[in-house]
Amino acid sequence: MSMLTDFRKVLDAVAETAGWKEGEIRGKMFRHTYCAARLQTLDNGAAVSVFTVGRELGHGGDAMVKQVYGHLGDVRQRSAAVEYRVQKHATLLKPRLEALRSKVRCGNLARKDAA
């Protein structure tokens, strides 16, 4: 078995299934979402440091994270888990979730959140 090095075709297939265009989903989006959410989490009651998030993303320090995500500021709503609340984006996601639901048998695609 070989190592997966380029998963753009897989992401394009997911995008097509969800009713999106080829290229609308890329790995960078997952990194961005993770980083932004991770900076808003708590670790044993304390904020996760920018340095820690940078290391988790494979950077040698916190410079890149500060440069890209510095706009998040110091005051953020924090929680114990990284989470993405689909209901906040239900209006935008509703047609895409419905298209995906019609093609894939999956009942856990924010059905009640997007209604």
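The values are calculated or read from the model by the stated rules, or taken from the named source; none is laboratory data. Note that the coordinates shown come from a computational prediction; the quantities given were computed from them, not determined experimentally. Counting neighbours? That spans all protein chains shown, and the Cβs are built from the backbone with ideal geometry, glycine included.
State whether the residues of the range 46-62 include one that is part of a loop (DSSP other than H, G, I, E, B), in contact with a strand residue (DSSP E or B) (Cβ under 6 Å, 6 or more places away or on another chain) and either surrounded by fewer than 13 Cβ atoms within 10 Å (Cβ to Cβ) or at pLDDT 70 or above (or both). Yes, the range 46-62 has at least one match. Can you confirm whether residue 12 is under 30 Å from residue 98 (Cα atoms), acidic (Asp, Glu) and modelled with pLDDT of 80 or more? So residue 12 fits the description; yes. Residue count for the range 1-39 under the criterion of being farther than 20 Å from residue 58 by Cβ and either free of Cβ contacts under 8 Å to residues at least 40 places away in the same chain or in a helix (DSSP H, G or I) (or both): the result is 15. The lone criterion from (1) closer than 19 Å to residue 35 by Cα; (2) assigned to a helix (DSSP H, G or I); (3) at pLDDT 70 or above left unmet by residue 71 is number (3).
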